Amino acid sequence: MNQLIEKIEGKRATRRILVTGSEGYLGRAIVSALVKAGDEVMRVSRTRVEGAIACDLLDAGKLSSQIKTLDIDYVIHCAAAVPKSLSDYANTSKSEQSVEMLRNLIAAWAGPIVFISSMTVYGADKSGLRKEDEVVTPESQYGQAKLNAERLLLDSGRPSWSVRLPGLFGGCRRTGLVYGLLSAILNKQEIKLPEQAIMWAGMLVEDAAAALAKLDPRDLNHPLVINIAYEGTTSVTNLLELCQSVVYQEQGEEFPTERSKWSVNYPEFEFDLSLAKKLKVLPKQNLRAALEEILNDIAKL
């Protein structure tokens, strides 16, 4: 572990990194973080985009022929069928496509990989700290697909990070629970919470990208899973109260002493971040500071 910490903290030579899904929400932020760190970045996109390699990762033959021509140190794999609504989490076809993308990448590329996984692998079947090495039971097809993909990397035996992230917000995104709550509170509008008792944790997309830029799978001898998130327990209702506190503080108003009551009992969630702390890859700010950033962006619109 000490050697791993020294490698992460040490000064690195310029890395040559291939980012799949580079035109997506997280992919763009990762590319920006890597370029800022002085790395050389090659981008892969399913569609034709200037400066990116056009390649459908579901086309195993084309992927294999293209990646063999590249001189890269490792791959950060962001490409996936990302859910755009709650119903998409149950979409079996899209989930299977995401697993197939990683399967094709593993077959085409023999080197190290950073895979973007998700908190959804844990499910909401129990409370307490959710640890990387615990037995998990995903509740959605999306979560099961992420777990299946992690197992593909584990079976490959290659040095790799499977990074379990919370939901992401910020950047160019003007939708989602965080943005919706802050906007509603700021503008004195009706607050709308999810109708289902979903578990929630979130992270500013730029903070997630900065943490991912620090994880070099070449530092490893075998596959590892790691949680990356803000510290502390979260839930939908905790988020609402924090959003209210941030807005009221900004407006110089007192936070109401009486809490609103909701018909849905939202579960609490907390990552075990012991490994990320040891490796010093956690973001410097907390969830409240991230919400303050988003509020400032909203206020400028």
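No lab work stands behind these numbers, since they all come straight from the coordinates. As the structure is a computational prediction, the values presented were derived from the model and not from experiment. A quick note on method: Cβ atoms are made from the backbone with ideal geometry, for glycine too, and the neighbour counts reach across all protein chains shown.
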Please note which helices (runs of 4 or more DSSP H) are completely contained in region 19-136 and include at least 1 residues that are of a type in the set (Phe, Trp, Tyr) and surrounded by 13 or more Cβ atoms within 10 Å (Cβ to Cβ). 25-36
Any residue in region 88-115 that's closer than 11 Å to ALA145 by Cα: show its pairings with residues that are buried (at least 18 other Cβ atoms within 10 Å of the Cβ) and β-branched (Val, Ile, Thr) at Cβ separation under 6 Å, as long as the two are six or more apart or on different chains. none
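Taking region 270-294, which residues are under 16 Å from VAL178 (Cα atoms) and either buried (at least 20 other Cβ atoms within 10 Å of the Cβ) or in contact with a Ser or Thr (Cβ under 9 Å, 6 or more places away or on another chain) (or both)?
Initial filter on region 270-294 (under 16 Å from VAL178 (Cα atoms)): 286-294.
Of everything in region 270-294, those that are under 16 Å from VAL178 (Cα atoms) and either buried (at least 20 other Cβ atoms within 10 Å of the Cβ) or in contact with a Ser or Thr (Cβ under 9 Å, 6 or more places away or on another chain) (or both) turn out to be LEU287, ARG288, ALA290, LEU291, ILE294.
Condition (residue is touching a helix residue (DSSP H, G or I) at 6+ places or on another chain (Cβ under 6 Å), among the basic types (Lys, Arg) and under 23 Å from GLY27 (Cα atoms)) applied to region 140-148: is it met by at least one residue? Steps first, please.
First, pick out the residues of region 140-148 that are touching a helix residue (DSSP H, G or I) at 6+ places or on another chain (Cβ under 6 Å): 140-143, 145-148.
Now restrict to residues that are among the basic types (Lys, Arg): 146.
Checking which are under 23 Å from GLY27 (Cα atoms) leaves us with 146.
Yes.
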Somewhere in region 231-242, is a residue within 15 Å of VAL281 (Cβ to Cβ), crowded, with 21+ Cβ neighbours inside 10 Å and in contact with a strand residue (DSSP E or B) (Cβ under 8 Å, 6 or more places away or on another chain)? no
